[in-house]
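**Student:** First the structure, which I've put down as structure tokens, then a few questions once you've had a look.
The values are calculated or read from the model by the stated rules, or taken from the named source; none is laboratory data. Quantities reported herein were computed from a predicted structural model and do not represent experimental measurements. Don't worry about glycine lacking a Cβ; one is built from the backbone with ideal geometry, like all the others, and counts go over all protein chains shown. Each accessible area value is taken on the protein alone, full model and side chains, heavy atoms only, with ligands, DNA and RNA left out. Shrake-Rupley method; radii C 1.70, N 1.55, O 1.52, S 1.80 Å.
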Amino acid sequence: TNTEADLIAAINAPQYGSNANPNQAEVCGKCALVKGPKGEVKVAITDRCPVCKSGDLDLSPAAFNQIGDADEGRISISWSFVSC
């Protein structure tokens, strides 16, 4: 079970893949370094975001607050996979 304090993210469906068992998706458990207006944060990919566009991540509140202001809702980011 995850909490709002965890530094995690859901990745967009196209990059998540279509494994018959989503718990075995290759991307699950990988880490990403996310850069935003207020800095950067390393997150673990733990889920799929079905409504996100290709390239998007849906960040946990704790992760989002490290790189942006919560009242903005959506912000421009760049990210890449990194070692955990």
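**Student:** Any residue at all in region 47-59 that is surrounded by 13 or more Cβ atoms within 10 Å (Cβ to Cβ) and of a type in the set (Val, Ile, Thr)?
**Tutor:** no
**Student:** Is it the case that some residue within region 67-74 is in a strand (DSSP E or B), open to solvent by less than 40 Å² (accessible area, probe 1.4 Å), in contact with an Asp or Glu (Cβ under 8 Å, 6 or more places away or on another chain) and over 12 Å from Ala10 (Cα atoms)?
**Tutor:** no
**Student:** Condition test on Ala25, is it among the hydrophobic types (A, V, I, L, M, F, W, C), in contact with a helix residue (DSSP H, G or I) (Cβ under 7 Å, 6 or more places away or on another chain), farther than 18 Å from Ser78 by Cα and loosely packed, with under 14 Cβ neighbours inside 10 Å?
**Tutor:** No; evaluated as a whole, the condition is false for this residue.
**Student:** Out of (1) of a type in the set (Gly, Ala, Ser); (2) within 9 Å of the chain's Cα centre (by Cα); (3) assigned to a loop (DSSP other than H, G, I, E, B), what's the single condition that is false for Ala32?
**Tutor:** Evaluating Ala32 over (1) of a type in the set (Gly, Ala, Ser); (2) within 9 Å of the chain's Cα centre (by Cα); (3) assigned to a loop (DSSP other than H, G, I, E, B) leaves (3) as the failure.
**Student:** Please go through region 75-84 and pick out each residue that is hydrophobic (A, V, I, L, M, F, W, C) and open to solvent by less than 70 Å² (accessible area, probe 1.4 Å).
**Tutor:** Those that are hydrophobic (A, V, I, L, M, F, W, C) and open to solvent by less than 70 Å² (accessible area, probe 1.4 Å): Ile75, Ile77, Trp79, Val82.
**Student:** Please tell me if Gly39 is more than 13 Å from the chain's Cα centre (by Cα) and open to solvent by less than 60 Å² (accessible area, probe 1.4 Å).
**Tutor:** yes
**Student:** Also: Using beta carbons and a limit of 6 Å, which pairs, at least six apart or on different chains, have the first residue in region 26-42 and farther than 16 Å from Asp58 by Cβ and the second one assigned to a loop (DSSP other than H, G, I, E, B) and open to solvent by less than 10 Å² (accessible area, probe 1.4 Å)?
**Tutor:** Qualifying pairs under 6 Å: Pro37/Gly68; Lys38/Gly68.
**Student:** Now for a different question. Any residue in region 1-16 that's closer than 15 Å to Ala32 by Cβ: show its pairings with residues that are open to solvent by 80 Å² or more (accessible area, probe 1.4 Å) and of a type in the set (Val, Ile, Thr) at Cβ separation under 9 Å, as long as the two are six or more apart or on different chains.
**Tutor:** Asn12/Val51
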